[in-house]
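Readers should treat all values here as calculations from the given coordinates under stated rules, not as data from a laboratory. In this text the structure is predicted, and so the values were computed from the model without any measurement. Here the Cβ is made from the backbone with ideal geometry for all residues, glycine too, and neighbour counts use every protein chain on show.
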Amino acid sequence: MIRRGLNRYFRGIVLNQVRNVGVHSRVLNSDSANSHDISEELSNSNLPQGTGRGPFIELPHFKPLGVPSNLLNITLPQSSNLSIRNGSIIAVNGELNQMTSEHKLLSAKTGYEEITTHGAVSLIVNGVTSHRNYDIENYSIIKIEDNKESWTILNDDSLIAWSGYNMKLSPTRWLDKFNSFKTEGKGIIVVNGSNQLYDITLAENETLLLNPNSLIASTMSSFETEILRRNTKFLEILPISLQKLLMGFWSGLKTPFTKMGLPQLISTNFNKLRVSFDDKFEKLVDDWSFKSTLSTGAKYMHRFLHSIRLSLFALFARKPIFFKFKGPGKLLVNNDRVVANERIFSKQEIEDIYRTNRD
């Protein structure tokens, strides 16, 4: 039972800097790009001599291995506790029967295994390769030494393990698509990402726009959103010779229309039409919402119309949405690419953000 439980749960930036912010990498250096000797991590000399109970408690130790750090060395003193979500055991120095496990829940959708050791153990653990659809993992360790400091982990897929004197994790809501958790108390948290991880420290009133797909964790309890306005013109991505040819043709073509004021006229009337359509569609949905109290059919029709409106809005709302953080605070970020808004935000969140940031 113990081994079955252990094997089950040990399984498998874009940055816009407004002012100077401190940034440094969390990936450990290695002398070899091809291999990494882990003999020392599994030797008897690496086993902790302390205990996880009594007046002088020794916590579990976590050490990322390799570059990228897709292996994690965990050393557990006897009588210590470790909460772990993801990973598969590669090697063990110690007896598995010296460990017991109990399955627990952080939330209805997020489970973990609480490990208790009866003897010192050293483990080599491999990460989950499906994290954000990448094949590379990088571990990072967050040490919380002040009870007043609290971190929010955006996505529980990034949460690997934690331990501490009074460390607790509780669910919090940041985005509809992710199960987020907030820490309380002192301890150590292990998180992972699909690329190199970086620490960012924001001083008082410093502001940072951050690609939401790169955020791992933050000490700031809230954030704003901002739509990234792209001013890049189509011609700028073409070869210079082709740019000159098309610019000459386009200048001659658009001159009479510009003089007649057609571009401004079309833009003004199109915006009026769009706003009018939005307002009428919302009134239609509201009417069906009222009628939903009269019949079940109208209730489903209301949901259908609302779903169509959100889908159409998300289809045309293609400008990237960025997180906006204001210091003081700390961020742990992953060097990940920008993805489509609907990969991060729900359709309702996209509509709300665009309406809030409407020009």
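Brief remarks follow.
- Under-5 Å amide H pairs with S69, H placed in peptide plane, nonlocal only: Y139
- The smallest convex shape that holds all Cα atoms of the stretch 184-224, its convex hull, gives 113 Å³ per residue.
- Ranking of V125, V339, V190 by count of other Cβ atoms within 10 Å, fewest first: V339, V125, V190
- Karplus 3J(HN,Hα) series, Hz, for the stretch 336-341 with 6.51 cos²θ - 1.76 cosθ + 1.60 (x for Gly, Pro): 10, 7, 6, 10, 4, 3
- Residue pairs, from the table K109/K319; K177/K319; K63/K324; K104/K182; K104/K177, whose Cα atoms sit over 24 Å apart: K109/K319; K63/K324
- Other-chain or far-sequence residues with amide H under 5 Å of A120's (modelled H): Q78
- Residues F178, F322, arranged from fewest to most other Cβ atoms within 10 angstrom of their Cβ, appear as F178, F322.
- Listing L76, L209 from fewest to most neighbouring C-beta atoms within 10 Å gives L209, L76.
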